[in-house]
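One structure is given below, encoded as structure tokens.
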Amino acid sequence: MFAIILIDHRLALLALAALLIAAAAPLAYAWASLLPEEPPPFEVAAAGPPAEDLAPNRKRAVKKDRFAVFLLVCVTLSYVLRFPGLPLAASLQWLSTLLPADYFNWTVLGGRWFFVIVPGLAAAYSALRPNPVRIALISGGLLVLVLWLVSPALRAAIATG
């Protein structure tokens with residue numbers, strides 16, 4: 001609550017927008033890097049030995065780390081859940097009709113903690129183990145974690161303005 005008093009609502013809006021854009025950029029880059037590369041548009045086959053024999057230094061297809069891709073999916077979902085204006089009330093209402101009242105609160109609490117912890121876990125995993133989306137997952141995970149931690153104070157400061 002102390003941060004609400006110190007931050008001007010215009011500055012809070014600018015900080016939230018910058019944080020949302022900064023967190024989205026590495027995630028978009030990671031998803032784009034997982035797509036297979038297209039061949040050059042006007043590649044002409046030369047007469048002679050195959051091109052693979054002539055270029056031994058050619059990059060091999062990067063082996064995709066399935067756990068890194070799973071973490072990227074979870075970090076992306078975590079980012080989407082913190083995006084302002086997302087109508088979560090309707091999905092929570094639907095979920096409350098499916099689960100008993102005793103389990104609903106614990107499920108929501110566990111889900112929130114899962115999506116808070118996963119970006120940090122993804123950043124730590126990528127820092128320790130090389131994978132094709134290493135740098136993007138580290139930076140995206142840390143920025144989404146900061147978004148989860150700072151966003152409530154920024155949104156409250158925006159609302160007071």
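The values are calculated or read from the model by the stated rules, or taken from the named source; none is laboratory data. These numbers come from a predicted model, not from an experiment. Positions of Cβ are generated from backbone atoms using ideal geometry, with glycine treated the same way; all protein chains shown enter the neighbour counts. Side chains are part of the model used for accessible areas, which takes the heavy atoms of the whole protein and leaves out ligands, DNA and RNA. Shrake-Rupley method; radii C 1.70, N 1.55, O 1.52, S 1.80 Å.
Below is a table of values for the structure above.
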item: Whichever residue in segment 132-142 is open to solvent by less than 50 Å² (accessible area, probe 1.4 Å) and assigned to a helix (DSSP H, G or I) and, among such residues, is nearest to Gly111 (Cα to Cα); result: Gly141
item: Within segment 116-131, tally of residues that are closer than 12 Å to Cys74 by Cα and open to solvent by 40 Å² or more (accessible area, probe 1.4 Å); result: 2
item: Selected residue [open to solvent by 60 Å² or more (accessible area, probe 1.4 Å), modelled with pLDDT of 90 or more and of a type in the set (A, V, I, L, M, F, W, C)] from Leu77, Leu81, Leu86; result: Leu77
item: Selection status of Val108, in contact with a Ser or Thr (Cβ under 8 Å, 6 or more places away or on another chain) and either of a type in the set (Gly, Ala, Ser) or surrounded by 13 or more Cβ atoms within 10 Å (Cβ to Cβ) (or both); result: no
